[in-house]
Amino acid sequence: MPTMVRISVLFWLGASLIHTLPILLEWHSALCLVVALVLTFRTRTFSWLCPLLGGLLLANTVAGIMLMESLPSSVYEKPVTITGWVMGLPNASDAVLRFDFLTQRIALPTSELAIARRLRLSWYGDTPRVRPGERWRLEVRLRSPRSYRNWGIVDFEKRSFIHGIKGRGYVRASTDNARLGLSGSVALLDQIRWDLASSLVADRPKSTAMGVIRALAVGDRSAIQPEEWRVLRRTGLSHLIAISGLHIGLAATLGYWLFNVLWRLSPALLLRVPAQTVGLVAAITMAAGYAALAGFSIPTTRALVMLLAASLMLLTRRRWSASTLFSVALIAGTLLTPLAVWSASFWLSYAAVGFILLFYSLATDQARLKAPPSRLQRVVRALWTLCGIQFFLFVGLSGLLMAFFGQVSLVAPIVNLIAVPIFSIAVVPLVLIALLSQLLGLSELTTLLLDSASGVLDCLWPWISWTAKWPHAVTSAFAPVVYLTFAVVIAALGCFRMYWRWVCGFGLLCVLWVALTTSLPRRDVFFVTVLDVGQGLAVVVETPHHTLLFDAGSGYGGFSVGTTVVVPYLRSRGHSAIDVMVVSHDDRDHRGGAAGVLSAVPVGQIYRSGRSFDDQDRACSAG
C-alpha cells in the first residue's frame, strides 16, 4: 500500500477509535499519547503508530473541548429566560416553528449565566415570523440532547454533539417573549441566505420544483414534503438535493470555464497571468461562495476541502496520483470533522470518490492499450463511462447503504443515469446563474432562469415518481441473494489491480457485517423487542416468516415515532412489510406513530380498539 494511503487510513482509524472508548482519555493518558507520538515520529519500525495516535489524540482533544462547553445541569427541565440571536434558517411547518438560537445570557431564578451556547428550539401554536440575526428574549424549557436507544435509527444525541447543539427545548407561552431588534453582524451569512431564499420563491406557488430549487440554492430542504423525500429515497436521488460534491464541483466548473474564457479575451492579461491559474482561482472562489450559501454544512465543507486539495495540486503544477489526491482529501476531512468520521455522509462521500477514481484508473489503463478513437468511438466511450460510473457506485456503495439505512434502491443506477446528467447540465447551472443574477439585481433574468429550472424539474419529476412505485424498486437489508450478488461482483472487481483489492475487501466486509447482524429467528423461535419510544409503547414480534407490530408510539406536531424509530428499526432487521399491526387504543402515545408506519411500509392486517384507519382494519374483540 502506498505510504500516503497508509498514513491517511491510519489517521482516520485513529480518529475513529474515539467512538469505541467508554470515556474520553484523561489528561495523563493524553500526555502519554503525546510522548508516544514524539517517540514514534522518526522511527521506522513503529512509524505506523504516529498517524494512528495523532488521529486519536485529535479526536479526544476536540471531544473534550466540546464537552467542556456543555450547559450546566441547572438550566435543564425548568423554565428559564434566555436572550440571544436566531441562527440558521428557521423552519415553519405544521404549526411548529423550529430554529437554532445562540444564547447571550441565561437567566435562572437565583443567578444569570453569560455564556454563548447553541440551542435548537421549537415554538408551537400561533408563532410570529422569525428571521436569522434577530435578537430575542424567550422563556423556554430546555433538556439535554438525547436520542432513542434502538438499533438502526439515527443517533440524534451524537448528531447534536457533532453539530455543537448544547440543548433542545421549546418556547413557553409568556408575556416576556419579545423581539429585541435585528443584529447587523451576528448570523450575517444566514441573513443573506434567508433574504436570497425569500426573494427566489417570492410570489411563486409551492411545488415540488420550488422546494428542490430552494434546496439547491441555499441548502434549505424544509420545503420538500415527506412524500417527496420518500420518492427520492426509493430512487436513490437524495444526494442530488443535498449540496455536496457534485454541486460544489459544478460550481467550480462554471467558475473555471467562465473566467478562463473571459481572461483569454485580453492578450495583455494573458501574458501576465496564465488563464488556467485565473480559472482555478475563480473555481475555488465560486465553490466557496456556493458552500457559504449552503451554510457551510459538514458535507458541503468536506466537498470544498476535496476541491481545494485538487486545486492545490494543479496550482503547484505537481502530478499527484489518484491515491495521493484521495489520501490528502481524507486527511483534510478528518482534520476538519474528527468526530464525524463514522457518520453516513462521511463514509458515502469518500467511498463514492474512491470508486470513481477506481473506475477512471481502470478506464485510463484500457484506453492506453488501444488505438486513437474515432468520433463515434468517443461518443460510445462517453456513454459507456456514464453507465460504468453508475454501476461502480451502485455496487460499491450498496454495502454501506445497507449498513446505514437498511435498504438499497435497485432502480438507482437507471434513475441516476438519467437524472444526474439533467441536474448537471440543466438544473444546477440554471440555479447557480439565477443566484448570481439575483445578487446582481437582475430580477427579470432570475425569473427566466428559475422558470426554466422549474420546467425541467416538472418534466422530470413524474418519471421519477413512476419509477419509485415499481414493485421491487427497493430491497431490504436481509436478502441472501443480494448479499451473494454483491459479494461476487465486488470480489471480481478486486481482480483488476493489487492495490484496489483493499477497497474491494472493504466492500466485502461491509456486506458480511450486515449479513451477520440481521439474522432472523430460527424455526419455533420468535423475537420480542420492546422499542425505546419515550412515553408510549411500540413492540415488534418477529418469527421466521412473519412480523407483528403492537402499537406504534407517539406522534405530534409533524413528528412521528413511527417514522423515526419503528420504520428504521424494521428496515435494519430486514423487514420491508408488516403482516399484522395492533393498535391497543386511541391515546396519542400508542396510536400517534401509526400513520408514519402506514405511509412507509405495507401492512397486511390492522387490528384496533378505537377509531378506524381504513375499510380493511378490524376492531379488536374481547377474547
Residue count for segment 240-262, restricted to those that are crowded, with 19+ Cβ neighbours inside 10 Å and either assigned to a helix (DSSP H, G or I) or aromatic (F, W, Y) (or both): 12
Filter result for the condition that a residue is of a type outside the set (S, T, Y) and not in a helix (DSSP H, G or I), over L71, L37, L53: L71
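For (1) at pLDDT below 90; (2) in contact with a helix residue (DSSP H, G or I) (Cβ under 9 Å, 6 or more places away or on another chain); (3) over 22 Å from F99 (Cβ atoms), each residue gets a yes or a no:
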site	(1), (2), (3)
R172	no, no, no
T175	yes, no, no
S207	yes, yes, yes
G236	yes, yes, yes
D100 vs. criteria outside the structural domain of L335 (by TED's automatic domain parsing), under 30 Å from R168 (Cβ atoms) and surrounded by fewer than 17 Cβ atoms within 10 Å (Cβ to Cβ): no
Top-ranked residue in segment 255-277 [being more than 23 Å from L430 (Cα to Cα) and aliphatic (A, V, I, L, M); ranked as farthest from the chain's Cα centre (by Cα)]: A268
Residues of segment 286-321 classified as outside any helix (DSSP H, G or I), surrounded by fewer than 23 Cβ atoms within 10 Å (Cβ to Cβ) and among the small types (G, A, S), total: 3
Options E157, E112, E134, E139: the member that is under 29 Å from G562 (Cα atoms) and either assigned by TED's automatic domain parsing to the domain that holds A15 or among the acidic types (D, E) (or both): E157
Lone unmet requirement of (1) in contact with a helix residue (DSSP H, G or I) (Cβ under 6 Å, 6 or more places away or on another chain); (2) in contact (Cβ under 8 Å) with a residue 40 or more places away in the chain for S321: (1)
Answer residue from segment 107-127, given it is part of a loop (DSSP other than H, G, I, E, B) and touching a strand residue (DSSP E or B) at 6+ places or on another chain (Cβ under 7 Å) and is nearest to K166 (Cα to Cα) among those: R117
Selected residue (criterion: modelled with the highest pLDDT) from residues of segment 313-327 that are aliphatic (A, V, I, L, M) and closer than 25 Å to Q390 by Cα: L325
Checking L200 against (1) at pLDDT 85 or above; (2) over 30 Å from A309 (Cα atoms), the condition it does not meet: (1)
Failed item, numbered, when G55 is tested on (1) loosely packed, with under 14 Cβ neighbours inside 10 Å; (2) modelled with pLDDT of 85 or more; (3) within 30 Å of G14 (Cα to Cα): (1)
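Okay, residues lined up against (1) among the hydrophobic types (A, V, I, L, M, F, W, C); (2) closer than 23 Å to G406 by Cβ; (3) in contact with a Pro (Cβ under 6 Å, 6 or more places away or on another chain):
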{"residue": "P145", "(1), (2), (3)": "no, no, no"}
{"residue": "W151", "(1), (2), (3)": "yes, yes, no"}
{"residue": "E157", "(1), (2), (3)": "no, yes, yes"}
{"residue": "L189", "(1), (2), (3)": "yes, no, no"}
Test: residue in segment 179-202 that is charged (D, E, K, R), under 21 Å from D458 (Cα atoms) and loosely packed, with under 15 Cβ neighbours inside 10 Å: no
In segment 589-604, the residues that are of a type outside the set (G, A, S) and either touching a residue at least 40 places away in the same chain (Cβ under 8 Å) or surrounded by 17 or more Cβ atoms within 10 Å (Cβ to Cβ) (or both): D589, H590, R591, V597, L598, V601, V603
Unique residue being aliphatic (A, V, I, L, M) and crowded, with 16+ Cβ neighbours inside 10 Å when the list is I165, I115: I165
Count - residues of segment 128-143 that are in contact with a Pro (Cβ under 9 Å, 6 or more places away or on another chain) and not in a loop (DSSP other than H, G, I, E, B): 3
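The values are calculated or read from the model by the stated rules, or taken from the named source; none is laboratory data. Computed from a prediction, not measured in an experiment: that's the story for all the values here. As a convention, Cβ positions derive from the backbone with ideal geometry for all residues, glycine included, and neighbour counts pool all protein chains shown.
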